[in-house]
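Notes follow the structure.
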Amino acid sequence: MSKHNTLLVTGGAGFIGSNFIRYYLKNHPDHQIINLDLLTYAGNLSTVAEVANLPNYRFVHGDIRDAQLVDQLMTEVEKVVHFAAETHVDRSIMEPALFLETNIIGTQVLLDAALRHDIKQFHHISTDEVFGALSLDTDEKFDEHTPYNPHSPYSASKAASDHLVRAYGDTYGLPYTLSNCSNNYGEYHFPEKMIPLAITNLMDEQKVPVYGDGLYVRDWLYVQDHAQGIDLILQHGQIGETYLFGGLYKDINNLELIKMILKIMNKDESYIEHVLDRPGHDRRYSVDFSETSRKLGWQPSLELEEGLRKTIAWYQTHQDWWRPLKEKNQSYFTKQYKNRK
Ligand code: NAD
Ligand code: DAU
């Protein structure tokens, strides 16, 4: 592989990373991707099986905290897209240390190596959760000027990694771009997260656990729209800029979301089960992505209901992908949900 037009993607065997790789290789068949992934519980080779045999794709099984390996890989690439992270808020409440090691130290190892090898663009994937929570009685949204105010160990670790990326830009001149995105959903979403958990539970006639009063609001974006946005940043993004991605123009709370899923799956509301709330649960997220639209010409392409229909159909035809993952992670589900009723 030549360095020109070669990307190092970290965490590409996970949900968004794999969707990005599929999108990118389809749209840039003459570019190359090296996918560095540790294959934690959230990363699986079955998630990238569709691209595994392409001549312009290479998988490297390894850890972003492995400085020697990362240093070697940086000699082979022009740009980096950094997805790898521990990503589930509930797991961060159970085991915060791993989130700090992966999300903060892992990012710092990559940044050091990127500097050493004159990487042309380091794109850091972040989340809207770093901004904290909005209240239900305003129509306020997060934008590029919203101060950071994270509440979970996960979002605090992502906030720290964002600060580090910008600090490497300011201090050492690292050519970075950064994006903060809202909740993604779609194909290959790990079945511990709300939407795939609901779909797969309902397929097995099980109830959907809704935390607290269910009046929590998330801003849902179809994952392939996120992938397109990242591609636009790689092609047209300004070094040193931050871009925000979101999917909805109107708030939808978790109960409304689950009711939408129930309706599409022809199930009644008896499948909703209110369970104990998540500690530190952020009330509402909503993203103003107008600056990103103006700068990159990006817009979400799918309405939530259409995206949910597509996603539900995918989970119905890809049981061989999610069933083994749910099975393998039974001990997590038992621990997370056993005393919540
Ligand atoms: P995911 O949990 O599905 O996948 C994470 C991937 O990172 C897995 O393949 C895992 O094996 C890999 N990984 C973890 N630790 C690693 C390590 N030490 N070395 C190498 N690989 C490692 O995550 P996702 O939902 O696809 O999220 C990807 C990125 O996008 C994360 O940085 C996350 O914070 C961010 N993000 C996610 C969402 C969302 O809704 N899922 C929204 C905004 C931003
Ligand atoms: O906002 C972006 C973030 O979205 C990403 O940075 C995270 O990596 C990603 O996991 C996601 O975080 P959330 O905590 O918002 O997603 P989750 O799917 O876990 O939960 C969505 C909402 O549903 C949230 O209000 C909590 C609620 N929920 C979740 C689960 C798993 C329930 O009510 N019951 C559940 O069983």
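Given the options LEU54, LEU302, LEU248, state which has the largest fluctuation in a GNM of the chain using a 10 Å cut-off (strictly under) for Cα springs.
Most flexible of the set in this elastic network: LEU54.
Across the stretch 224-331, how many lysine pairs separated by 8 or more positions, or lying on different chains, have Cα atoms within less than 25 Å?
13
For LYS141, LYS193, LYS120, give me the order by solvent-accessible area with a 1.4 Å probe, most accessible first, ignoring ligands, DNA and RNA.
Descending order: LYS120, LYS141, LYS193.
Set Lys and Arg Cβ to +1 and Asp and Glu Cβ to -1, take the dipole of the chain about its Cα centre, and tell me which of ALA67, TYR249, PRO300 lies farthest positive.
ALA67
In whole Å, what is the distance between the alpha-carbon centres of the stretch 148-179 and the stretch 237-256?
Between the Cα centres of the stretch 148-179 and the stretch 237-256 lies a distance of 18 Å.
Taking 7 Å along the Cα-to-C-beta vector as the label spot, tell me the ALA49-ARG294 distance in nanometres, rounded to one decimal.
The answer from the label model is 4.6 nm.
Take ARG278, ARG116, ARG283 and sort them by solvent-accessible surface of the protein heavy atoms, 1.4 Å probe, largest at the top.
Heavy-atom accessible area, descending, gives ARG116, ARG283, ARG278.
Whole number in Å², please: accessible area per residue of the chain, 1.4 Å probe, ligands, DNA and RNA not counted.
I get 42 Å² per residue for the chain.
When a/c reaches 1.5 or more, the comparison of a/b and b/c decides; with that in mind, is the stretch 38-131 rounded, prolate or oblate per its Cα gyration tensor?
oblate
Work out the length of the dipole vector of the stretch 208-296 about its Cα centre, built from +1 on the beta-carbon of each Lys and Arg and -1 on the beta-carbon of each Asp and Glu, and round it to the nearest 20 debye. Provide the component values of the computation, followed by the final result.
Details: 10 positive and 14 negative charges, 21 e Å.
The calculated dipole for the stretch 208-296 is roughly 100 debye.
Keeping every protein chain in place, order ILE195, ILE272 by accessible area at 1.4 Å, biggest value first, i.e. largest first.
Final ranking, largest accessible area leading: ILE272, ILE195.
Below 8 Å, C-alpha to C-alpha, sequence gap of six or more: please give me the relative contact order for the stretch 1-106 in percent.
After rounding, I find 35 percent.
So, in nm, how far is label ILE93 from label GLN68 when the simple model puts each one 7 Å beyond its Cα toward the Cβ?
Result for the modelled spin labels: 4.0 nm.
From the square roots a ≥ b ≥ c of the eigenvalues of the alpha-carbon gyration tensor of the stretch 9-78, which class results: rounded (a/c under 1.5), prolate (a/b over b/c), or oblate?
Judged from the Cα gyration tensor, the stretch 9-78 comes out oblate (a/c at least 1.5, b/c at or above a/b).
Full extension from GLU269 to ASN329: what is 0.36 nm times the residue separation minus their Cα-Cα distance, to one decimal in nm?
18.9 nm
Would you pull out the residues with amide H under 5 Å of VAL275's amide H, same chain only if 5 or more places away, H placed 1.01 Å from N?
Those qualifying (amide H under 5 Å, at least 5 residues apart or on another chain) are VAL210, TYR211, GLY212.
Quick check for me: using +1 on Lys/Arg Cβ and -1 on Asp/Glu Cβ, what's the dipole size of the chain about its Cα centre, in debye to the nearest 20?
600 debye
Can you give me the long-range amide H partners of TYR176? Hydrogens built in the peptide plane at 1.01 Å from N, cutoff under 5 Å, separation of 5 or more residues or another chain.
Here PHE122, GLY240 satisfy the definition.
Ignoring ligands, DNA and RNA, what percent of the accessible area of the stretch 178-308 is carbon or sulfur (1.4 Å)?
That share works out to 46 percent.
Compute the relative contact order of the stretch 242-341 as a whole-number percentage, counting only Cα pairs closer than 8 Å that sit 6 or more residues apart in sequence.
Normalised by residue count, the contact order of the stretch 242-341 is 42 percent.
Which Cα, out of PRO196, ALA167, SER157, lies furthest along the positive dipole direction of the stretch 119-266 (beta carbon charges, K/R +1, D/E -1)?
Sorting the options by dipole projection puts first PRO196.
Measuring from a point 7 Å past the Cα of ARG283 along Cα-to-C-beta, which residues in the stretch 206-245 have an amide N at less than 15 Å?
The answer is 213-218, whose backbone nitrogens lie closer than 15 Å to the label point.
Pull up all non-local amide H partners of PHE245: gap of 5 or more, or a different chain, and H-to-H distance under 5 Å with H placed in the peptide plane.
It is ASN180, CYS181, SER182, by chain and number.
With a cut-off of 8 Å between alpha carbons and a minimum separation of six or more residues, what is the relative contact order of the chain in percent?
That works out to 18 percent.
Could you name the aspartates and glutamates in cross-link range of LYS335, using Cα to Cα under 15 Å and dropping any fewer than eight places away on the same chain?
ASP90, GLU95, GLU192, ASP277, GLU327
The values are calculated or read from the model by the stated rules, or taken from the named source; none is laboratory data. Everything quoted here is computed from the prediction, not taken from an experiment. Cβ sites come from the backbone with ideal geometry, for glycine too, and all protein chains shown count toward neighbours. Just so you know, the surface numbers come from the protein's heavy atoms only, side chains and all, with ligands and any DNA or RNA stripped out. Shrake-Rupley method; radii C 1.70, N 1.55, O 1.52, S 1.80 Å.
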